[in-house]
Each structure stands twice: as structure tokens, then as C-alpha cells.
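Trainee: Here you go, one structure.
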Protein chains: 2
Amino acid sequence: MELLKRKILEVGRVEGEGILKVDSFLNHQLDIVLLNEIGREFYRLFKDYEITKILTAEVSGIAIATIAAQYFNVPVVFAKKTLSKNLDRETYEGEVYSYTKDVTYKIRVSKRYLCEEDKLLIIDDFLANGEAVLGLKQIIDSANASLLGVGIVIEKGFQKGGKVLREKGIEVKSLAIVDDMKNGKINFR
Amino acid sequence: MELLKRKILEVGRVEGEGILKVDSFLNHQLDIVLLNEIGREFYRLFKDYEITKILTAEVSGIAIATIAAQYFNVPVVFAKKTLSKNLDRETYEGEVYSYTKDVTYKIRVSKRYLCEEDKLLIIDDFLANGEAVLGLKQIIDSANASLLGVGIVIEKGFQKGGKVLREKGIEVKSLAIVDDMKNGKINFR
């Protein structure tokens, strides 16, 4: 997606080992016009899949999934990272290993909001090692629902997530794939 | 907002002391059509305020703020609850006391995304004791920016937040105010 790549080159910041900061438009401040174009592009890519629900994980996927859902005209469900009074006791769980923090945490979706008939599109901001998507897939599998595709805004092509997911037969479509960021320069596939 | 009140009566669940669960449409599963009407209503209420940015706090405010921002045609900034590699070191901070967990935590916004010229609308899903809004106001004050209004989807009229904020002269507009939930029955103001 050219508009997205231009934006990444314009305002993305490479900081340290493999960190690409896009918090000026994607995951802290949100550029609503661009998010809308991103949502429209996900719809173009997945519109023939008869999606019934969009699934994402808190926090960064929520805004993107919400905007995209307007085009699909389906609800969004976001998996929660923390237990709270507001979450039902009966949940489907997935495990996510965080490489940056070296901890495994659980994500949960209330059993009320996924059923066997659901055909899901997962949407997230980044794909690095694929852990978040695999955690969400666990949740979908537990509900005996179907994962039809994964829409990613920025895939880090130099990390293993894309390969791992595609080798499992998961349909992953990324709007921008960064192949490397050597010397602070961003190269797209 | 009649559509919202009808939805709350239809699918909201009163669980225990003062807990109103609306996770089927507002903060776990998201009803995108209703969120759109909510966004449109916030625009109707605040369209003359020359808002430059919408501010919210993760997690539950993000989807609502994002949809509303489409009507205002301004960016969203959401305050973060956890420190991570993806957050700048230079931040404005606010403190939020959580009554349910009896802890005080910090919320942060990178200094890049707020400036003195900003005229802010805070949007959130619930208003109970007002702690989240006061934490966001601290952030706005630290940036010498202006808080023009607060848009709330559901105000718990039986808790003190609405009174506290309005007594400080803050313009709070709530789309539904629940006055009590005695015996599981929801009464609106």
C-alpha cells in the first residue's frame, strides 16, 4: 500500500535493534484519515471471504480493527490481556510469548462472543514473531470457529512471524513488509 | 441518546454492586453501527468547539474515540498505561486511582503529541468516580493545552465523577446517565 509506505518513510523512526516507531500515526497518536484508507484496503483484500467478525488483541489493534469493521459491516471482538471484573469468567484463552519482555501472558475472549459459525479475520498493527496471531488462533480454535485470514499493517519481514504463519497455511496479507532497516534506512520488500 | 439507552436496557447486565456490563457492544465486542451513531452524537454535541485532537486512555476509550474522530476530522491520542520500548521517554503524566483495584497507576502521553495550541475533547466509555478524566486532565494541563469538553458514553450518576468534574467547571456531556440499578433494574436520569 503506497500511501502507507510513504507515511512510514516520512515519519517512521528506526530506533535500536529492529524497532520501528510509528506512534505518530498508528499506535499512540492515530491518523484517522490514513486508518480509514488502511481499513478500505483490508476490505479490498478480504471482501470475498464472508467474514462474520474481526478479532484483534488489545491495545494497538483496536483502532485499526474498528475502522476496518465499518467496511465489512461486522462486529469487532478484542482479546483482553488482563482479568478484570468486567470480563466474564467463561473465556477462551490463548498464550502469547513476548520476546521483548521474555514473559508469556494470556489473552482472553468471553465465550459469549465467539461461536462455531464465526468466520474470523484477525487484524493487527505489527507482525514480528507471530506470537499475538498464534495466541488469537488458539482462541479461535478453542471456539471451533474458523480463521479465514490475517490482515497486518506492517510486517517485519526480517523476523520469523510471516514465515511461521504462512507455513501453517494461514492467509496473511500485510500492507507493508519491511525487509530490513540497516543503518536506519527502511527497505520494503 | 435513545438508541443507546434502548441498547443498554436490551443487553446490559447488572452484576453485583454498581457493575453494569455492556461488553456485548461497547468494551469487548464492539457494535460498529452503534459506535458510529455514538460518534455522530458526540460530533453534534461538540462540533462548535473547534477541537484539534481527541484524547482518551487505553483500553476501552480507543474504539469510541477513533470512530468519533472521523466526524471531527482530527487525530486521536490515547494515553498509555504501561511503559514500553514503543513509548518515548519524554512524556506528560497523569495519575489515576483505581477504586476497584485500590491502586494508583500512571498514564502517559508522549510530549510529541500534545502542544500548547491543542484544544482537546476527552472521550471515554464510562464515567464513575472521574479518576480517568482527572488523570487525562493532568496530562493536558502539563502540556499547557486546553480541555474543552468531555464526552462520556455511560455516566454512573450514582457515583461522584460527574459532580466532581462539573464542579471544576469541566463541560461534561454524557449520552446516557444511569441514576440507579436497584434490584437489577436500570433507571436513567
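Trainee: I need a count of the residues in the stretch B:11-49 that are over 27 Å from B:Asn73 (Cα atoms) and under 15 Å from the mean Cα position of the chain (by Cα).
Mentor: 1
Trainee: So, one more: So B:Gly18 clears everything in (1) closer than 22 Å to A:Lys80 by Cβ; (2) modelled with pLDDT of 95 or more; (3) not hydroxyl-bearing (Ser, Thr, Tyr) except one condition, right? Which one?
Mentor: It fails just one condition, (2).
Trainee: Another one. Considering only residues of the stretch B:125-144 that are more than 14 Å from chain A (Cβ to nearest Cβ) and not in a helix (DSSP H, G or I), which is surrounded by the fewest Cβ atoms within 10 Å (Cβ to Cβ)?
Mentor: That would be B:Asn144.
Trainee: Among the numbered criteria (1) modelled with pLDDT of 95 or more; (2) over 22 Å from B:Lys156 (Cα atoms); (3) among the hydrophobic types (A, V, I, L, M, F, W, C), which one does B:Leu83 miss?
Mentor: B:Leu83 satisfies every listed condition except (1).
Trainee: Looking for whichever is in contact (Cβ under 8 Å) with a residue 24 or more places away in the chain, basic (Lys, Arg), over 30 Å from A:Val11 (Cα atoms) and crowded, with 18+ Cβ neighbours inside 10 Å here; the options are B:Lys156, B:Lys160. Which one fits?
Mentor: None of the others qualify; the one that does is B:Lys156.
Trainee: Which residue out of B:Lys173, B:Lys163 is of a type outside the set (Phe, Trp, Tyr), over 30 Å from A:Thr100 (Cβ atoms) and part of a helix (DSSP H, G or I)?
Mentor: B:Lys163
Trainee: Further, regarding this structure: Looking at the stretch B:156-189, which of its residues are in contact with a helix residue (DSSP H, G or I) (Cβ under 8 Å, 6 or more places away or on another chain) and under 16 Å from B:Leu45 (Cα atoms)?
Mentor: Once the filter is applied, which keeps residues that are in contact with a helix residue (DSSP H, G or I) (Cβ under 8 Å, 6 or more places away or on another chain) and under 16 Å from B:Leu45 (Cα atoms), the stretch B:156-189 yields B:Ile170, B:Val172, B:Lys173, B:Ser174, B:Leu175, B:Ala176, B:Ile177.
Trainee: Taking B:Leu3 as the residue in question, decide whether it is modelled with pLDDT of 95 or more, more than 14 Å from chain A (Cβ to nearest Cβ), in a helix (DSSP H, G or I) and on the phi < 0 side of the Ramachandran plot.
Mentor: Here the answer is yes, as B:Leu3 does meet what is asked.
The values are calculated or read from the model by the stated rules, or taken from the named source; none is laboratory data. Only a predicted model underlies this, so the values are computations on that prediction, with no experimental measurement involved. Cβ: placed from backbone, ideal geometry, glycine included. Neighbour counts: every protein chain shown.
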